[in-house]
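*Asks:* Following this message is one structure expressed as structure tokens.
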């Protein structure tokens, strides 16, 4: 398993906490990592997308994940919905919510098929997509 963390201090702490396990922690920007293509069978993204500074950065992340997945690999995630409560929790923080109405199309442009996007409770959305088999 590989975990990607953009914050250097958090990446170091996570690597220390997971030392001796099957997890490799990579410090870096998920939109620009040079991970091997077709390497992973699955990728997850939990409450990260809205912290990326632009929708274009989110789209770069989708493309990077698609490239790193093996054919047939699955991308699953959950992110914050654009609600008053969530906005209030992100005062003085980056908050670029992902619009559920366009997320499926954006994942499709990144190369995913069998995309699903659905509400997940009152304040989150969940999504899935699959890299096409060759």
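For (1) assigned to a helix (DSSP H, G or I); (2) under 15 Å from residue 30 (Cβ atoms); (3) within 14 Å of the chain's Cα centre (by Cα), each residue gets a yes or a no:
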site: 45; (1), (2), (3): no, yes, yes
site: 50; (1), (2), (3): yes, yes, yes
site: 61; (1), (2), (3): yes, yes, yes
site: 77; (1), (2), (3): no, yes, yes
site: 94; (1), (2), (3): no, yes, no
site: 106; (1), (2), (3): yes, no, yes
site: 126; (1), (2), (3): no, no, yes
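*Asks:* Under the condition of being closer than 24 Å to residue 60 by Cα and surrounded by 13 or more Cβ atoms within 10 Å (Cβ to Cβ), which residue from region 1-22 is farthest from the chain's Cα centre (by Cα)?
*Replies:* Selected residue: 11.
*Asks:* Checking residue 90 against (1) without any contact (Cβ under 8 Å) to a residue 40 or more places away in the chain; (2) in a loop (DSSP other than H, G, I, E, B), which single condition isn't satisfied?
*Replies:* Of (1) without any contact (Cβ under 8 Å) to a residue 40 or more places away in the chain; (2) in a loop (DSSP other than H, G, I, E, B), only one is false for residue 90: (1).
*Asks:* So is residue 32 part of a loop (DSSP other than H, G, I, E, B), loosely packed, with under 13 Cβ neighbours inside 10 Å, under 14 Å from the mean Cα position of the chain (by Cα) and in contact (Cβ under 8 Å) with a residue 12 or more places away in the chain or not? Spell out the reasoning first.
*Replies:* On the way: part of a loop (DSSP other than H, G, I, E, B): yes; loosely packed, with under 13 Cβ neighbours inside 10 Å: yes; under 14 Å from the mean Cα position of the chain (by Cα): yes; in contact (Cβ under 8 Å) with a residue 12 or more places away in the chain: yes.
Yes; evaluated as a whole, the condition is true for this residue.
*Asks:* Something else about it: Among residues belonging to region 40-60 that are within 27 Å of residue 133 (Cα to Cα) and either outside the structural domain of residue 119 (by TED's automatic domain parsing) or in contact with a helix residue (DSSP H, G or I) (Cβ under 7 Å, 6 or more places away or on another chain) (or both), point out the one that is surrounded by the fewest Cβ atoms within 10 Å (Cβ to Cβ).
*Replies:* The residue in question is 59.
*Asks:* Which of the residues spanning region 108-124 are in contact (Cβ under 8 Å) with a residue 24 or more places away in the chain and outside any loop (DSSP other than H, G, I, E, B)?
*Replies:* 109, 119, 124
The values are calculated or read from the model by the stated rules, or taken from the named source; none is laboratory data. Just so it is clear, the model here is predicted, and its values are computed rather than measured. Glycine gets a Cβ as well: all are built from the backbone with ideal geometry, and neighbour counts include every protein chain shown.
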